[in-house]
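Values quoted throughout were computed directly from the atomic coordinates according to the rules given, and no laboratory measurement underlies them. Note that the structure is a prediction, hence the values are computed from the model and not measured. Reconstructed Cβ throughout: ideal geometry from the backbone, glycine too, with neighbour counts over all protein chains shown.
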Amino acid sequence: MTITIDRPEAPAGPPKLDRDALRLAQAETLATPRMDYSLLAKMMFKPVDLMYGKKGSFTKFAMLEIIARVPYQAWERMGYWAVHRYAGRSALAKRVFERIVEARADQDNEQWHLLIMQDLIQRHGMKQNWLLHKVAPWFISFFYYHVSWVLFLVRPEASYRLNAEFEDHAEHEYMTFVAENPDLEFMPDPGTYADEYGRYRSVADLMRQIGHDERMHKLDSLENVKDPHWAPTR
Ligand SMILES: [Fe+2]
Ligand SMILES: [Fe+2]
């Protein structure tokens, strides 16, 4: 006998947009001022600008994507701790688990961004050195990871807010990069991860889609700022 189980599917990730919607999304981002970044956020953006340049590039974005996954990993870990703590309260434990699933989906989305960037770097023959592209991301990720979980423990809304700032920064960086590099419109999307991420008319559209994903991540985090009450301390 087959038993049918009704369980929530893992979120599919941010929506994929068509060409016109991508252009519109870019115009919206560029017309929207950046968030007011906190000192902690600036402590990560500044060294990144100093080491990788103020202007966007595939190598700079790869670095940003390495650290973008970090808060989701921290929340996932804290979530498992909370599930254990709420073991006797099934409704709350279930809600926590739903957030874990959401955090994992966002991590996966960031992972595709990173794989796409690494692919573009290789195709363009760009060099990545050990210190700037291995050691530095490790240090910044280490710092960000611990800031994320400690903040989450003491003030979960501040941890979500910090991530929203990070995502807002990423959204603007991608959309500005496309605006500043019109040649990207004529560079075909190589489609290396087309089955998993979709295929776009150009690298410009691919970057716009990633920028829009970052906006969705930001909006999710801002939602969670308003409703962080599942946190382990509550
Ligand atoms: Fe990303
Ligand atoms: Fe993101």
* His84-Phe142 FRET efficiency (beta carbon distance; Förster radius 25 Å; 0.05 resolution) -> 0.50
* What lysines sit close enough to Lys94 to cross-link, taking a C-alpha to C-alpha distance under 22 Å and skipping anything fewer than 8 places away on the same chain? -> Lys226
* Structure fact -> Here the convex hull volume per residue of the chain, taken over Cα atoms and given in Å³, is 149
* Asked: What size of dipole, in debye to the nearest 20, comes out for segment 85-197 about its Cα centre when the only charges are +1 on Lys and Arg C-beta atoms and -1 on Asp and Glu C-beta atoms?
  -> 960
* Going by alpha carbons, how many degrees (0 to 90, nearest 10) lie between the helix axis of 19-31 and the longest principal axis of the chain? -> 80
* Among Leu40, His133, Val101, which residue has its Cα positioned farthest towards the positive end of the charge dipole of the chain, with +1 placed on the Cβ of Lys and Arg, -1 on the Cβ of Asp and Glu, and the dipole taken about the Cα centre? -> Leu40
* Kindly flag which residue pairs out of Lys16/Lys127; Lys54/Lys127; Lys134/Lys218; Lys42/Lys218 have an alpha-carbon separation exceeding 22 Å in this structure. => Lys16/Lys127; Lys134/Lys218
* **Sorted by Cβ neighbour density within 10 Å, fewest at the top, the residues Asp18, Asp189, Asp36** => Asp36, Asp18, Asp189
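Size of the dipole of the chain about the Cα centre, Lys and Arg at +1 and Asp and Glu at -1 on the beta carbon, nothing else charged, in debye to 20?
820
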* Structure fact -> Sorted on mean Cβ neighbours within 10 Å (highest first), peptides 173-183, 199-209, 122-132 come out as 199-209, 173-183, 122-132
